[in-house]
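Heads up: the structure comes next, in structure tokens.
The values are calculated or read from the model by the stated rules, or taken from the named source; none is laboratory data. Note that the structure is a prediction, hence the values are computed from the model and not measured. Counting neighbours? That spans all protein chains shown, and the Cβs are built from the backbone with ideal geometry, glycine included. In case anyone asks, the SASA skips ligands and DNA or RNA and just uses the protein heavy atoms, side chains included. Shrake-Rupley method; radii C 1.70, N 1.55, O 1.52, S 1.80 Å.
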Amino acid sequence: MRTACWTPPCPARGHAGPRPADGRPAARGREVLVRDGIRELSAGDLGLPPGHTPEGLRYLRTAFAWACGDTALRMPGGESGAEALGRYDAVVAEAAASGARAVAMIGHGAAIRVWTAARAANVDVAFAAARPLENTGVIVLEGTPSDGWKALSWEGAAVTPAGEGGPAGQAPGRAERRPEHP
């Protein structure tokens, strides 16, 4: 297998991954593998609220606490960090062992950011938390489960070592917004 694509189930449409109008999987020389382990983080009782709400902020604080090592912490009525990172790790290990030269993993932005902050040596929580992934946003990593991971790019921008970056952890190219003073 030269390249492959791993994707979570898509409950909203009842299928996974990109499909043409006739419902067949996209055939571009890539095998599409559906794996529940890379689904979104279970928000439990919080119900996956928008990030700017109190519930949304609690969801993000809990998820990023997992990346800091507090994996016993549980979403209210949902999964723990150990469970969420463990299921992602299992699919990543499967992909790494597949023999594919290149792998694309499709998933939910918060889950991808949390897993990357927890596993990539050069991405810390402050970096990942300050950089939401847009729809179709891409993080490029290299490495292996045994040797570790390094993020090469985050939505097209090169990733510098953890602890380095723009002012106040802002994403590159985003202007700082300050309240106007009278």
inquiry  = I want to check the label-to-label distance for Ala96 and Val138. Put each point 7 Å from Cα in the C-beta direction and report it in nm to one decimal.
reply    = 2.2 nm
ask   = On full extension of the chain, what length is gained from Ala158 through Asp45, given 0.36 nm per residue of separation minus the C-alpha to C-alpha distance?
value = 37.0 nm
task = Give me the number: length gained by fully extending Ala121 to Thr3, i.e. 0.36 nm times residue separation minus the C-alpha to C-alpha distance, one decimal in nm.
result = 40.0 nm
inquiry  = Could you order the peptides 85-98, 139-152 from most to least packed, using the average number of other C-beta atoms within 10 Å per residue?
reply    = 85-98, 139-152
note = Between Ala104 and residues 5 or more places away or on another chain, the pairs with built amide H atoms under 5 Å apart involve Ala4, Cys5, Trp6
ask   = Roughly how many Å² is the accessible area per residue of segment 44-117, as a whole number, for a 1.4 Å probe?
value = 46 Å²
query = Using a ≥ b ≥ c from the Cα gyration tensor of segment 43-144 (square roots of the eigenvalues), is it rounded, prolate or oblate, where a/c under 1.5 gives rounded and otherwise the larger of a/b and b/c decides, a/b for prolate?
reply = prolate
query = What part of the accessible area of segment 72-137, given as a whole %, is carbon or sulfur when the probe is 1.4 angstrom?
reply = 57 percent
